[in-house]
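A quick write-up on the structure given underneath.
The values are calculated or read from the model by the stated rules, or taken from the named source; none is laboratory data. Fair warning: this is a prediction, and the values are worked out from it, not measured in the lab. Virtual Cβ from ideal backbone geometry, glycine too; neighbours counted across all protein chains shown. For the accessible areas, the whole protein counts, side chains as well, though only heavy atoms, and no ligand, DNA or RNA atoms are used. Shrake-Rupley method; radii C 1.70, N 1.55, O 1.52, S 1.80 Å.
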Amino acid sequence: MQVTGMLYGSRMLRFVGFPTVEVLGPDASEEEIKALIDKHGMIFVKPVFKGGVGKKGKAGLLGRATDLKTALREKERLYFVEHRHGNQVAKANGVTYEGAVPAEHEVYFSITDSTHFRAPTMTLTHHGGMDIEELDKGMVAQVPFDPLTGMKAFVVANALSALNAPKQLISPLVQQLPKLWELYHDFGMTTLELNPIRMRPEREGRLSPVACDFKCGFDRDDPRWLRLNLPAHLFAVDFSDFEQEINFKHWLKQTNVLFIIGGKSNNTDIFETFRAMADALREHFSRHGATPLYVVIGRGGPNLVRGMGAMRDTFDALGLPYRIFGFDSDMSEVINYAKAADAWMKGGGREQIAAKLGLTTSPPGEGAQRTAT
């Protein structure tokens, strides 16, 4: 469950009084659009996608306009535009109009549940407005903190000081960023990201942080997000043809690794979830025959041990190798293990498992390099 963009992001940020860019939705009239241009001098026209869609700016899916004619032309170009990023294909349904915010400094900020630190973690840099992964690690602060005390002002201040951030940035960010913990914690979020936060000059040269792009994810098992009164269509799933094809029936025969991964749930019964997956795997083998496969699991939640037991019994009965990680495992380590298992399968492990299952198998082709999740 994800929400991206400022159309609904600005509404959520207003719950905690965090300054945001001025934004109009797809139903804005020409008079409203022109008034926004007159007020800010320039506006950005952005397509509205369901869920998280990245790299829009690099893909040319960002319009700029200083007059109404250009704004309407960009609206026509972007209203139903398609965006491809890797295997993901998304189709827009509308645009937003956002007032430009002049600024010399841009800031990246996020809060997320870290599997590495086993705590909520703030990521912060004053080199925002770009992909965080492209920055040197010394330019980015990652600071875990105690969820019982929350993200206090001193956490932000210490991080900015360690980054040698310009002094004029520190005071306004220390005042405003802690508000975002309230939004994150009070409404059941699992991630919250603002990139960029533009530092707008105010009177007497003081800078004010203004959120110019927004992304968040919710724990679907946490009912607190319902208090935001977000429309249900934001979380509707529109499966692409590619996603429809990713299932046991189509890909399992070509797969090296069956990778079942997820965070620690609060209310999902892991035993019931794993039992259903185990039943589906047994049914597939019964209908279509056995296939060489390595299974890697990383999960947490209620009835986890019973669920792991159900999976173990199924894998043992089917003759499949497996590795199961619990809720206390670092997710990045689990992913690295799955990648290593895939490399082992490509290097001869697939043939070893096939021999154990009494099968004959040819070297896997391109499809066999896929990882089923």
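Give me the pairs, please: first residue somewhere in the range 327-344 and polar (S, T, N, Q), second residue anywhere and surrounded by 16 or more Cβ atoms within 10 Å (Cβ to Cβ) and not in a helix (DSSP H, G or I), beta-carbon distance under 9 Å, and either six or more positions apart or on two chains.
Going by the 9 Å Cβ cut-off, the qualifying pairs are 329/115; 329/298; 329/300; 332/115.
Quick one: in the range 137-172, of everything that is assigned to a helix (DSSP H, G or I) and over 23 Å from residue 200 (Cβ atoms), which residue is least open to solvent (accessible area, probe 1.4 Å)?
Taking the range 137-172 and keeping what is assigned to a helix (DSSP H, G or I), we get 137-139, 153-162, 167-172.
Pick out the ones that are also over 23 Å from residue 200 (Cβ atoms) and you get 137-138, 154-155, 158, 162.
Values: 137: 180, 138: 59, 154: 129, 155: 15, 158: 100, 162: 80 Å².
Of everything passing the filter in the range 137-172, 155 is least open to solvent (accessible area, probe 1.4 Å).
For every residue, the table says whether it meets (1) hydroxyl-bearing (Ser, Thr, Tyr); (2) at pLDDT 95 or above.
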{"position": "4", "(1), (2)": "yes, no"}
{"position": "23", "(1), (2)": "no, yes"}
{"position": "38", "(1), (2)": "no, yes"}
{"position": "59", "(1), (2)": "no, no"}
{"position": "65", "(1), (2)": "no, yes"}
{"position": "109", "(1), (2)": "no, yes"}
{"position": "114", "(1), (2)": "yes, no"}
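Name the residue, out of 134, 74, that is at pLDDT 95 or above and either open to solvent by 10 Å² or more (accessible area, probe 1.4 Å) or closer than 26 Å to residue 185 by Cα (or both).
Working: 134 fails: at pLDDT 95 or above.
Every option except 74 fails the conditions.
Inside the range 267-280, can you point out the residues that are touching a residue at least 40 places away in the same chain (Cβ under 8 Å) and open to solvent by less than 50 Å² (accessible area, probe 1.4 Å)?
Scanning the range 267-280 gives a single hit, 268.
Test of understanding: among 204, 182, 133, which residue is among the acidic types (Asp, Glu), part of a helix (DSSP H, G or I) and on the phi > 0 side of the Ramachandran plot?
Details: 182 fails: on the phi > 0 side of the Ramachandran plot; 133 fails: on the phi > 0 side of the Ramachandran plot.
That would be 204, the only listed residue that is among the acidic types (Asp, Glu), part of a helix (DSSP H, G or I) and on the phi > 0 side of the Ramachandran plot.
Out of the residues in the range 77-109 that are of a type in the set (Gly, Ala, Ser) and out of contact with any helix residue (DSSP H, G or I) (no Cβ under 8 Å at 6 or more places or on another chain), which is most open to solvent (accessible area, probe 1.4 Å)? Steps first, answer last, please.
First, the residues of the range 77-109 that are of a type in the set (Gly, Ala, Ser): 86, 90, 92, 94, 99-100, 103.
Keeping just the survivors that are out of contact with any helix residue (DSSP H, G or I) (no Cβ under 8 Å at 6 or more places or on another chain) gives 86, 90, 94, 103.
Numbers: 86: 76, 90: 16, 94: 0, 103: 32 Å².
Of everything passing the filter in the range 77-109, 86 is most open to solvent (accessible area, probe 1.4 Å).
Would you check which residues across the range 182-214 are within 18 Å of the chain's Cα centre (by Cα) and either open to solvent by 30 Å² or more (accessible area, probe 1.4 Å) or over 15 Å from residue 12 (Cβ atoms) (or both) and list them?
Selection gives 185, 190, 191, 193, 195, 196, 213.
Restricting attention to the range 40-57, and to residues there that are modelled with pLDDT of 75 or more and in a loop (DSSP other than H, G, I, E, B), which single residue is most open to solvent (accessible area, probe 1.4 Å)?
42
Condition first: farther than 24 Å from residue 114 by Cβ and open to solvent by 40 Å² or more (accessible area, probe 1.4 Å). Now tell me which residues in the range 281-304 satisfy that.
If the condition is that a residue be farther than 24 Å from residue 114 by Cβ and open to solvent by 40 Å² or more (accessible area, probe 1.4 Å), then 282, 283, 286, 287, 288, 290, 303 are the ones that fit.
State whether one or more residues within the range 166-178 are touching a residue at least 12 places away in the same chain (Cβ under 8 Å) and under 23 Å from the mean Cα position of the chain (by Cα).
Within the range 166-178 (the criterion being touching a residue at least 12 places away in the same chain (Cβ under 8 Å) and under 23 Å from the mean Cα position of the chain (by Cα)), the answer is yes, since at least one residue qualifies.
Could you list, in sequence order, all residues of the range 320-335 that are out of contact with any helix residue (DSSP H, G or I) (no Cβ under 6 Å at 6 or more places or on another chain) and over 17 Å from residue 117 (Cα atoms)?
Those that are out of contact with any helix residue (DSSP H, G or I) (no Cβ under 6 Å at 6 or more places or on another chain) and over 17 Å from residue 117 (Cα atoms): 320, 321, 323.
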